[in-house]
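Notes follow the structure.
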Amino acid sequence: MTRPGLLLASAALMALTAATADAQDKVFRYSTTGDILGLDPHNNNEGPTNTMKSNIYGRLIHRLPDLSLEPDLATEWERTDDTTWIFTLREGVTFHNGNPFTADDVVYSFERQSQESSDMAFAISSIESVNAIDDYTVEIKTKAPDPTLLLNMPNFYIVDKEFMDENDAFEVIAGAGLQNFANANANGTGPFRIVEWVQDNRVVLEPFEDWWGQDERTDNIDQAIFTPIGNDATRVAALLSGEIDAMYPVPLQDIPRLEGEPDVTVLQGPELRTIFFGFDHHRDELLDMPGSGENPFKDVRVREAFAHAIDKEGIKRVVMRGAATPTGLMVAPGINGFQEDMNEPYPFDPERAQELLAEAGYPDGFPVTFDCPNDRYVNDEAICTAMVAMLERIGIDVTLNAQTKSLHFNKIRDHDTSFFMLGWTPGSYDAHNPLQNLMTTEAPGSGAWNSGRYSNPEVEELSVQISQTVDEEARNELIREAFRIHKEDVGHIPLHQQALAWGVRADTVEEVIQRPFNDIDLRYVTLK
Amino acid sequence: MQNIETTVELPAAPSFGARLSGNIKAFLDGDVFYSFKRSPVTIIAFVVTMILFFCAIFAPWVAPYDTYNIAGLNLMDAFRPPAWVAGGDATFLLGTDDQGRDVLSAIIFGLRISLMVGFLGVLIAAVVGTILGLISGYFGGWIDALIMRIADVQLTFPAILIALMIDGIAGAVLGRAAHAESKLAVLVIAIAASLWVNFARTVRGSTLVEKNKEYVQAARVIGIHPILIMYRHVLPNVMGPVLVIATLSLAIAIITEATLSFLGVGVPVTNPSLGTLIRIGNDFLFSGEWWMTIFPGVALVILVLAVNLLGDWLRDALNPKLR
Amino acid sequence: MIDFIAQRMIQAVFVMLVVALISFSLFQFVGDPINNMVGQEATEAQREALREQLGLNDPIPIQFVKWVGNAMQGEFGISYRMGKPVDQLIAERLPATLELVFLSAILALAIGVPMGVYTGLNRYSWLSRVFLTISLIGISLPTFLIGIILILTFGVWLGWLPTFGRGGTVDLGGWQTSFLTLQGWSHIIMPAFTLALFQLTLIMRLVRAEMLEVLRTDYIKFARARGLKQRSINFGHALKNTLVPVITIMGLQIGALLAFSIITETVFQWPGMGLLIIQAIQFVDIPIMSSYLVLVALFFVLINLTVDLLYYAVDPRLRIERPGPAH
């Protein structure tokens, strides 16, 4: 075929493609960097995966985009004494497979989610027992007065007892990406049902016609197709050419360009996720220093040296192009328990860092492997590369191990790390959540992502008290104290909160409500 | 890519007992050098290759900045455009990347890694392949059958796949951290493992021809040791094709390394090779920071092109039929 | 002839056996499959039970025989990462890759052969020089760079072609095909061309070299002397003679196409085997890796058997004598 002929043909081709797309129903195609980790709602506590779960599974309480709570499977709830709650369940709700939803399912879900292997156990760890009073009433008893019970309820996913039992899927099998029945099949009460999930390729969802909230649906989509596109450039190209309707994150460097496109809008906003670095506090010998019998990270001076070595402003200005807020706390502004006056980051002071290292007995530094994801957070690999340069400057010999998120998460979850990057959005929007998940190890259900096993007896104790103190002022004081000790210990190094940047086609999408969790909830999507 | 030996012709056998060095000298003095002088493209390719080799070997002295010394990077220098573009800075001729690396220096150091991996890979492949080819051709019989069947299996899997597999398996066996440190070695071995067959098959073919020549038969009869016969009589005669294959293989090896790095399984980002630079720069293509990927890309293409041109010329020059 | 085919068959079986052995030893020596299949919490008794059930306690030669037996029925076990049978995963992905490779091979032949013939016949014309230059650049451009340039040009700047995925496919009894809708074609053309470019230049150069050689042979001179038309000499005699090496190369290169589809599929997010295998390698998902090896080898062997048979159709000399090494 001659060249003009080829061009003509391709033009004709495009015309036809466009025509077929128009003829279809309202299909919402969206994309992010990586695939969901699995469909088991009681596993894989990861942002995009959790959002996918909440499209499919009902919870007793649902969290609105403005972070307030509204009834979902429970229509009302009341506290009858310090530790007892009565939830009245919605009647006439069915699962996607047609099974009716009853109190038994809530009890079963509690038992399943509170298994030790469940990555979501933290959300309900304060609960002592869940009893079915009748088909549509459950009684929840907490171990102690729990001020955050309701806040955690949006992370308590309800599964179908009958369906799970039929398929012998009670046991939660830990590990990202590893498949088993519950991870590969979903049967919830949520507004969308899974049509198919082809791993690493697409998740197809359709509205669940018998959803209890069908009459008040806020979305208008007939089908949603989620496609992971790892390559930033390909993802941008796909949005520009209109093959997808929305995608996130927009690579920071491409924001100006996308804003200049008439058919694309960039939605930006603050995110509640805090990116931080963690150390191995536990091992007596650093993984990278076999035979030495030493773990430099056990010395607070070394950890402080690391904190002073990081040029957070530089990372913000250059790597993040301004789209980040450097931080000194493990929680973001907007999270209950955030302490404005304590948010000052450790100052960037490489000389001080070198002095501290020398004082600790490592004037020439030491070798360490730095574990990083390369497809999870905004510019994660670039941040880590910049970190390597900064740490090398104070004499640390860093080997960067940047890999895909599921490998990274599996590795650090197994504590197989000396120094790592992680990001955290408290699922309950309360400071106790990071204390429990990241900063303590002892209380039941805690330390799921405390990959370096930081543990200070005072913080452990405070964390338990915080979880049981109802009085807000007293509770806030306890949180302040815990954060102060953690900061003094340099338990972790908080880096920044990244900014949200979503790219949306203005010609096909009417509205997508952006939430401070960096992911798209389909019930807030309307198409033109 | 495995086929390159099929288009290589054997050179006419040189005089009895020519030694290796004498052999090379002979073809530099002779027709080959004449054809070199007659081809301006080849001369340019040769000069370009030499310049690139020189830069790579003497990178620490040639490059304006030492991009290996990652502690020397300054984030504040990031995203500078090339010197002649508005906002550019004469201190960074080709601009800087997202980490504040001088692109020109990064290319030069990247060339060093690409060439080193390529060279070592081809060298190992050439030595192993030549030895196996000699053995196979000279002794024949079951050992020949064995080596050639292994070669058949090898031919089934293209270079990139073999390299990927070896890299993946090394990662699993060595553990991730150790793997990162031995990355270069793994790359070299992977590339060598994927290229040796070309040498083995060609050398075997040549050896079969030489073996039946009268002078070799004579040497055998008077009881000269096979190793000596192979070294003195057979080896010099296969050096021509081996050189051609080595040159063309070098181009393949460089592309393979770049591709692996592009796929993210090559050298670590803290010591970028050309492929890594292109992969990182690729993310900035749309946002206007084209220099981060275009320049390393151009450098890679120029390098491979020059090496390919040399290989082509060598093949034609050594192929009497085309002259 | 039967002798020759039998010999080739034996060779093919040998190759497959060796590949099977390699694949099998991947299982044996890389990682403990049990660890990959059960959680860390599993007890020693559970592990032992699974070990027994999977036959991992049998002597290794017996395991190998069993493994080959299963492989011949298309059973390669369960993917460690995806928890699905490997044959099912491959069956989902295979059509995408095969179509891509098929179209690339066609493109490479359809463009490469005419270009080769032209440059062979018109050795010194300016167009030949242009073709040769293009081919040299084509051979020196890494596949991923071509893909990026094409995406940037046709996907973003011109906006003519989609940049990723397969788009509209039609289900033909379980085989998802791109060839029946225009949308499917619009998705496949760019990756296929990217994949084809290297082979295209290779074929062009090869055909050119063969043409140059053949045109010098005596029998072409005789044909000219007999007063045959130039056209019939070029195409009836010369071109026919160049076909043998082209077929050989194409057979060998199908393997290369399969491997390079790994890169093309990554760049274009093409949901085929390449994407599957590259992720499997990252996760050391041995069942997928080993079955991929076997599959690639099988394709290679089958194609080369076909090529050997084609020799007979194309080159009458071979019906009498055995083909020597290349030429």
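Let me spell it out: the conditions are (1) within 30 Å of C:Gln183 (Cα to Cα); (2) part of a loop (DSSP other than H, G, I, E, B), and A:Val266 meets all of them except one. Which number is the exception?
Of (1) within 30 Å of C:Gln183 (Cα to Cα); (2) part of a loop (DSSP other than H, G, I, E, B), only one is false for A:Val266: (2).
State which residue is nearest to C:Phe268 (Cα to Cα) when the search covers only segment C:131-141 and only residues that are in contact (Cβ under 8 Å) with a residue 40 or more places away in the chain and facing another protein chain (nearest Cβ under 7 Å).
Filtering segment C:131-141 for residues that are in contact (Cβ under 8 Å) with a residue 40 or more places away in the chain and facing another protein chain (nearest Cβ under 7 Å), the one nearest to C:Phe268 (Cα to Cα) comes out as C:Leu141.
Here is a check on your reading of the model: is B:Ile160 surrounded by fewer than 22 Cβ atoms within 10 Å (Cβ to Cβ) and either out of contact with any Cys (no Cβ under 7 Å at 6 or more places or on another chain) or within 14 Å of another protein chain (Cβ to nearest Cβ) (or both)?
no
Consider B:Ile294 against the criteria (1) assigned to a helix (DSSP H, G or I); (2) more than 8 Å from every other protein chain (Cβ to nearest Cβ); (3) touching a Leu at 6+ places or on another chain (Cβ under 8 Å): it satisfies all of them except one. Which criterion is unmet?
Evaluating B:Ile294 over (1) assigned to a helix (DSSP H, G or I); (2) more than 8 Å from every other protein chain (Cβ to nearest Cβ); (3) touching a Leu at 6+ places or on another chain (Cβ under 8 Å) leaves (3) as the failure.
I'd like to check something: does segment C:287-306 contain any residue that is over 18 Å from the mean Cα position of the chain (by Cα), modelled with pLDDT of 80 or more and assigned to a helix (DSSP H, G or I)?
Kept after step one, since they are over 18 Å from the mean Cα position of the chain (by Cα), are these residues of segment C:287-306: C:287.
Add one more test, that the residue is modelled with pLDDT of 80 or more, and what stays is C:287.
Still in the running and assigned to a helix (DSSP H, G or I): C:287.
So far as segment C:287-306 goes, yes, one or more of its residues are over 18 Å from the mean Cα position of the chain (by Cα), modelled with pLDDT of 80 or more and assigned to a helix (DSSP H, G or I).
Every residue in segment C:247-277 that is at the interface with another protein chain (Cβ under 7 Å from one of its Cβ atoms), in contact with a Gly (Cβ under 9 Å, 6 or more places away or on another chain) and modelled with pLDDT of 80 or more, please.
Residues satisfying the conditions are C:Phe260, C:Ile262, C:Ile263, C:Thr266, C:Gln269, C:Pro271.
Condition first: surrounded by fewer than 24 Cβ atoms within 10 Å (Cβ to Cβ), touching a residue at least 60 places away in the same chain (Cβ under 8 Å) and aliphatic (A, V, I, L, M). Now tell me which residues in segment B:203-219 satisfy that.
B:Leu208, B:Val209
Taking into account only those residues within segment A:139-157 that are under 22 Å from the mean Cα position of the chain (by Cα) and polar (S, T, N, Q), which is modelled with the lowest pLDDT?
Selected residue: A:Thr148.
Can you report the number of residues in segment C:59-77 which are on the phi < 0 side of the Ramachandran plot and in a loop (DSSP other than H, G, I, E, B)?
Initial filter on segment C:59-77 (on the phi < 0 side of the Ramachandran plot): C:59-73, C:75-76.
In the following step, the residues that additionally are in a loop (DSSP other than H, G, I, E, B) were identified as C:59, C:73, C:75-76.
Qualifying residue count for the region: 4.
Given the criterion within 11 Å of another protein chain (Cβ to nearest Cβ), under 16 Å from C:Thr201 (Cβ atoms) and in a helix (DSSP H, G or I), identify the matching residue among C:Ile146, C:Ile151. Even if it seems obvious, please write down each step before you answer.
Working: C:Ile151 fails: under 16 Å from C:Thr201 (Cβ atoms).
Exactly one of C:Ile146, C:Ile151 is within 11 Å of another protein chain (Cβ to nearest Cβ), under 16 Å from C:Thr201 (Cβ atoms) and in a helix (DSSP H, G or I), namely C:Ile146.
Which of (1) within 10 Å of chain B (Cβ to nearest Cβ); (2) assigned to a loop (DSSP other than H, G, I, E, B) is the odd one out, the single condition A:Thr369 does not satisfy?
Tallying (1) within 10 Å of chain B (Cβ to nearest Cβ); (2) assigned to a loop (DSSP other than H, G, I, E, B), A:Thr369 fails exactly one: (2).
For every residue, the table says whether it meets (1) over 28 Å from A:Trp449 (Cβ atoms); (2) of a type in the set (S, T, N, Q); (3) in contact with a Pro (Cβ under 7 Å, 6 or more places away or on another chain).
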| residue | (1), (2), (3) |
| --- | --- |
| A:Phe101 | yes, no, no |
| A:Glu128 | no, no, no |
| A:Thr137 | yes, yes, no |
| A:Ala144 | no, no, no |
| A:Ile158 | no, no, no |
| A:Asn167 | yes, yes, no |
| A:Ile173 | no, no, no |
| A:Asn180 | no, yes, no |
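Testing B:Thr96 on (1) surrounded by 22 or more Cβ atoms within 10 Å (Cβ to Cβ); (2) within 14 Å of chain C (Cβ to nearest Cβ); (3) without any contact (Cβ under 8 Å) to a residue 24 or more places away in the chain, one condition comes back false. Which one is that?
Failing condition for B:Thr96: (2).
Hey, can you tell me all the residues within segment A:64-79 that are in contact (Cβ under 8 Å) with a residue 12 or more places away in the chain, touching a strand residue (DSSP E or B) at 6+ places or on another chain (Cβ under 6 Å) and not in a loop (DSSP other than H, G, I, E, B)?
A:Leu69, A:Ala74, A:Thr75, A:Glu76, A:Trp77 - these are the residues of segment A:64-79 that are in contact (Cβ under 8 Å) with a residue 12 or more places away in the chain, touching a strand residue (DSSP E or B) at 6+ places or on another chain (Cβ under 6 Å) and not in a loop (DSSP other than H, G, I, E, B).
When only residues in segment C:181-220 that are at the interface with another protein chain (Cβ under 10 Å from one of its Cβ atoms) and among the β-branched types (Val, Ile, Thr) count, which is farthest from C:Ile146 (Cα to Cα)?
Top of the filtered list is C:Thr181.
Name the helices (runs of 4 or more DSSP H) wholly within segment B:124-202 that hold at least 2 residues that are more than 30 Å from C:Phe283 (Cβ to Cβ) and free of Cβ contacts under 8 Å to residues at least 60 places away in the same chain? Break it down stepwise before answering.
Values: elements: B:141-156, B:159-174, B:176-181.
Result: B:141-156.
Touching a helix residue (DSSP H, G or I) at 6+ places or on another chain (Cβ under 8 Å), on the phi > 0 side of the Ramachandran plot and in contact (Cβ under 8 Å) with a residue 12 or more places away in the chain: is that true of C:Gly155 in this structure? Working first, answer last.
Values: touching a helix residue (DSSP H, G or I) at 6+ places or on another chain (Cβ under 8 Å): yes; on the phi > 0 side of the Ramachandran plot: no; in contact (Cβ under 8 Å) with a residue 12 or more places away in the chain: yes.
Considered against the rule, which asks whether it is touching a helix residue (DSSP H, G or I) at 6+ places or on another chain (Cβ under 8 Å), on the phi > 0 side of the Ramachandran plot and in contact (Cβ under 8 Å) with a residue 12 or more places away in the chain, C:Gly155 comes out as no.
Could we say that C:Trp175 is within 7 Å of another protein chain (Cβ to nearest Cβ), among the hydrophobic types (A, V, I, L, M, F, W, C) and in contact with a helix residue (DSSP H, G or I) (Cβ under 8 Å, 6 or more places away or on another chain) here? Break it down stepwise before answering.
Details: within 7 Å of another protein chain (Cβ to nearest Cβ): no; among the hydrophobic types (A, V, I, L, M, F, W, C): yes; in contact with a helix residue (DSSP H, G or I) (Cβ under 8 Å, 6 or more places away or on another chain): yes.
When the stated conditions are applied, C:Trp175 does not pass them.
Quick one: which of B:Arg112, B:Arg80 is of a type in the set (D, E, K, R) and either crowded, with 23+ Cβ neighbours inside 10 Å or under 26 Å from the mean Cα position of the chain (by Cα) (or both)?
Working: B:Arg80 fails: either crowded, with 23+ Cβ neighbours inside 10 Å or under 26 Å from the mean Cα position of the chain (by Cα) (or both).
Being of a type in the set (D, E, K, R) and either crowded, with 23+ Cβ neighbours inside 10 Å or under 26 Å from the mean Cα position of the chain (by Cα) (or both) holds for just one of B:Arg112, B:Arg80, which is B:Arg112.
Is segment C:208-220 home to any residue that is touching a Pro at 6+ places or on another chain (Cβ under 9 Å), assigned to a helix (DSSP H, G or I) and modelled with pLDDT of 80 or more? Can you show your working first?
In the first step, residues of segment C:208-220 are kept if they are touching a Pro at 6+ places or on another chain (Cβ under 9 Å); the result is C:209-210.
Within this subset, residues satisfying the condition of being assigned to a helix (DSSP H, G or I) are C:209-210.
Narrowing further to those that are modelled with pLDDT of 80 or more: C:209-210.
Taking every residue of segment C:208-220 in turn, at least one turns out to be touching a Pro at 6+ places or on another chain (Cβ under 9 Å), assigned to a helix (DSSP H, G or I) and modelled with pLDDT of 80 or more.
Report, by residue number, each residue of segment A:46-59 that is in contact with an Asp or Glu (Cβ under 6 Å, 6 or more places away or on another chain) and surrounded by 22 or more Cβ atoms within 10 Å (Cβ to Cβ).
So in segment A:46-59, the residues in contact with an Asp or Glu (Cβ under 6 Å, 6 or more places away or on another chain) come out as A:47-48, A:51, A:58-59.
Scanning segment A:46-59 gives A:Pro48, A:Gly58, A:Arg59.
Only residues that are touching a Ser or Thr at 6+ places or on another chain (Cβ under 7 Å) and either in a loop (DSSP other than H, G, I, E, B) or not polar (S, T, N, Q) (or both): list them for segment C:82-110, please.
C:Val86, C:Leu89, C:Ile90, C:Pro95, C:Glu99, C:Leu100, C:Val101
Mind listing whichever residues of segment A:215-257 are polar (S, T, N, Q), away from chain B (no Cβ under 12 Å) and under 15 Å from A:Val378 (Cβ atoms)?
none
Go over the candidates A:Pro48, A:Pro41, A:Pro4 one by one and state the one that is touching a strand residue (DSSP E or B) at 6+ places or on another chain (Cβ under 8 Å), at pLDDT below 85 and either more than 11 Å from chain C (Cβ to nearest Cβ) or assigned to a helix (DSSP H, G or I) (or both). Write out each step before concluding.
Numbers: A:Pro41 fails: at pLDDT below 85; A:Pro4 fails: touching a strand residue (DSSP E or B) at 6+ places or on another chain (Cβ under 8 Å).
So the residue among A:Pro48, A:Pro41, A:Pro4 that is touching a strand residue (DSSP E or B) at 6+ places or on another chain (Cβ under 8 Å), at pLDDT below 85 and either more than 11 Å from chain C (Cβ to nearest Cβ) or assigned to a helix (DSSP H, G or I) (or both) is A:Pro48.
The values are calculated or read from the model by the stated rules, or taken from the named source; none is laboratory data. The model shown is predicted, which means the values in this text are computed figures rather than measured ones. Virtual Cβ from ideal backbone geometry, glycine too; neighbours counted across all protein chains shown.
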